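A short write-up of the structure that comes next.
The values are calculated or read from the model by the stated rules, or taken from the named source; none is laboratory data. Remember, it's a predicted structure, so these values are computed and weren't measured experimentally. Cβ coordinates were reconstructed from backbone atoms using ideal geometry, including for glycine residues, and neighbour counts include every protein chain displayed.
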Amino acid sequence: MKPELSVVIPVYNEEAGLGNLFARLYPAMDKLGIPYELVFINDGSRDNSVAILAEQYRKRPDVTRVVLFNGNYGQHMAILAGFEQTRGEIVITLDADLQNPPEEIHKLVAKMREGYDYVGSIRRKRQDSAWRTYASKAMNRLRERITNIHITDQGNMLRAYGRNVIDLVNQCAEVNTFVPALAYKFSRKPTEIVVEHEERAAGESKYSLYSLIRLNFDLMTGFSLVPLQIFSLLGITMSLLSALLVLFLLVRRFILGAEAEGVFTLFAIAFFFMGVILFGIGLVGEYVGRIYQQVRARPRYVVQTVLQGMPAAEAGADEVEKRHVVR
Ligand code: UDP
Ligand code: MG
């Protein structure tokens, strides 16, 4: 029998918080009373996370599977590798740092059972630093405008996906992607609910400002061509305006004669447009770079080992233990 619910959790240097996570996650899952599996992906942690995950696997092999990467490929690649291992009809993603309370999982499951195949979530009160909350809101607004992906709170990973969505995501070979957006594209009936959010229980955020910028570029370029089109439109507008200016200067020259004033104004305008042009080239580069990575078609991630032994998680721990005794 297959598990009904799969939970996918990427782990990167989370040794300080994993104990707490297990202590809350397993009881919350057992309480649901449905067959489940937990798929942890170690994204090349350099701390003790692997040992802790392996230990947990030995404790609950019936419901635990651990995918070990040979290096750090990023949160979204880890989640994709997890998706490939899942067997449940409902697949939920969760952060390992307890920012997404495991006790909220049942809400997602209940919503999925109403017939949705994508349940996103909005954090009731976001527990992140002020600048991140603010920047994230701005990026949400921008994304809402330039992609046709409607996610209220893109930064939150506590989400549920239907098997139909996961199967389609598993067929994709995207190198740079943003899992919630990709899955949203494939969903037939998406919805969102409000969930709690907590402060990081231990350790620190794995996202620097730089990696957050990269992630947002993945989202914008991966799901929209609007940034490129804006530059085409800007180019057209600028050529039209320059044509008018040339016409104006020509006429002025015949009426008033040559002029040499306003040189610095001209410089200022020229520098501004040079900035715009450089940004435009950079933006084209972002797309070209991604195309380059995609065409090289290297493996997106390398799975070293998968810790899984027991057949599918057929039931809660108690029942599995009982079966062992019977055998
Ligand atoms: N993570 C990962 N690989 C990475 C970075 C992060 O697997 O390269 C995992 C991390 O262990 C956590 C989740 O992704 O489970 C979210 O990371 P984090 O909490 O640092 O991000 P934030 O909450 O600050 O956005
Ligand atoms: Mg976090």
When the range 42-63 is checked residue by residue, the ones that are more than 16 Å from ligand 1 (Cβ to nearest atom) and outside any helix (DSSP H, G or I) are ARG60, PRO61, ASP62, VAL63
Look through the range 91-107, keep the residues that are more than 10 Å from ligand 1 (Cβ to nearest atom) and crowded, with 24+ Cβ neighbours inside 10 Å, and return whichever of them is farthest from ARG163 (Cα to Cα).
ILE105
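Here are some residues: LEU168, LEU240, LEU250, LEU245. Which one is assigned by TED's automatic domain parsing to the domain that holds PHE83 and without any contact (Cβ under 8 Å) to a residue 24 or more places away in the chain?
Values: LEU240 fails: assigned by TED's automatic domain parsing to the domain that holds PHE83; LEU250 fails: assigned by TED's automatic domain parsing to the domain that holds PHE83; LEU245 fails: assigned by TED's automatic domain parsing to the domain that holds PHE83.
After applying the criteria, what remains is LEU168.
Would a scan of the range 135-144 turn up a residue that is within 15 Å of ligand 1 (Cβ to nearest atom), in a helix (DSSP H, G or I) and modelled with pLDDT of 95 or more? Quick ask: steps written out before the conclusion?
Narrowing the range 135-144 to residues within 15 Å of ligand 1 (Cβ to nearest atom): 135-137, 139-140.
Checking the rest, the ones that are also in a helix (DSSP H, G or I) come to 135-137, 139-140.
Narrowing further to those that are modelled with pLDDT of 95 or more: none.
No: the range 135-144 contains no residue that is within 15 Å of ligand 1 (Cβ to nearest atom), in a helix (DSSP H, G or I) and modelled with pLDDT of 95 or more.
Please work out if ALA16 is closer than 16 Å to ILE105 by Cα and surrounded by fewer than 24 Cβ atoms within 10 Å (Cβ to Cβ). Steps first, please.
Working: closer than 16 Å to ILE105 by Cα: no; surrounded by fewer than 24 Cβ atoms within 10 Å (Cβ to Cβ): yes.
The answer is no for ALA16.
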Could you check how many residues of the range 71-90 are of a type in the set (S, T, N, Q), near ligand 1 (Cβ under 10 Å from one of its atoms) and in contact with a Ser or Thr (Cβ under 6 Å, 6 or more places away or on another chain)?
0
Give all pairs with beta carbons closer than 6 Å in which a residue from the range 182-210 that is within 11 Å of ligand 1 (Cβ to nearest atom) meets a residue that is part of a helix (DSSP H, G or I); count only pairs at least 6 apart in sequence or on separate chains.
ALA201/GLY17; ALA201/ASN20; ALA202/ALA16; ALA202/GLY17; GLY203/ALA16; GLY203/GLY17
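Working carefully through the options LEU182, LEU209, find the one that is within 16 Å of ligand 2 (Cβ to nearest atom) and among the hydrophobic types (A, V, I, L, M, F, W, C). Steps first, answer last, please.
Working: LEU182 fails: within 16 Å of ligand 2 (Cβ to nearest atom).
Result: LEU209 is the single residue among LEU182, LEU209 that is within 16 Å of ligand 2 (Cβ to nearest atom) and among the hydrophobic types (A, V, I, L, M, F, W, C).
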Filter result (exposed (fewer than 10 other Cβ atoms within 10 Å of the Cβ), hydrophobic (A, V, I, L, M, F, W, C) and within 49 Å of the chain's Cα centre (by Cα)) within the range 247-267:
VAL263, PHE264
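Restricting attention to the range 156-177, which residues are within 16 Å of ligand 1 (Cβ to nearest atom) and touching a strand residue (DSSP E or B) at 6+ places or on another chain (Cβ under 8 Å)? Outline the logic, then answer.
Step one: filter the range 156-177 for residues within 16 Å of ligand 1 (Cβ to nearest atom), giving 156-159, 175-177.
Hits for the range 156-177 are ASN156, MET157, LEU158, ARG159.
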Of the conditions (1) assigned to a strand (DSSP E or B); (2) more than 16 Å from ligand 2 (Cβ to nearest atom); (3) without any contact (Cβ under 8 Å) to a residue 60 or more places away in the chain; (4) closer than 27 Å to THR221 by Cα, the single one that VAL119 does not satisfy is (3)
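Specify which of the listed residues (VAL8, VAL91, VAL39, VAL50) is touching a residue at least 60 places away in the same chain (Cβ under 8 Å), in contact with a strand residue (DSSP E or B) (Cβ under 6 Å, 6 or more places away or on another chain) and more than 16 Å from ligand 2 (Cβ to nearest atom).
On the way: VAL8 fails: more than 16 Å from ligand 2 (Cβ to nearest atom); VAL39 fails: touching a residue at least 60 places away in the same chain (Cβ under 8 Å); VAL50 fails: touching a residue at least 60 places away in the same chain (Cβ under 8 Å).
None of the other options fit; the residue is VAL91.
Do you know which residues across the range 99-116 are within 16 Å of ligand 2 (Cβ to nearest atom) and either under 13 Å from ASN156 (Cβ atoms) or modelled with pLDDT under 95 (or both)? Talk me through it step by step, then tell me what you get.
The first filter runs over the range 99-116 and keeps only residues within 16 Å of ligand 2 (Cβ to nearest atom), leaving 99-102, 104.
If the condition is that a residue be within 16 Å of ligand 2 (Cβ to nearest atom) and either under 13 Å from ASN156 (Cβ atoms) or modelled with pLDDT under 95 (or both), then GLN99, ASN100, PRO101, GLU104 are the ones that fit.
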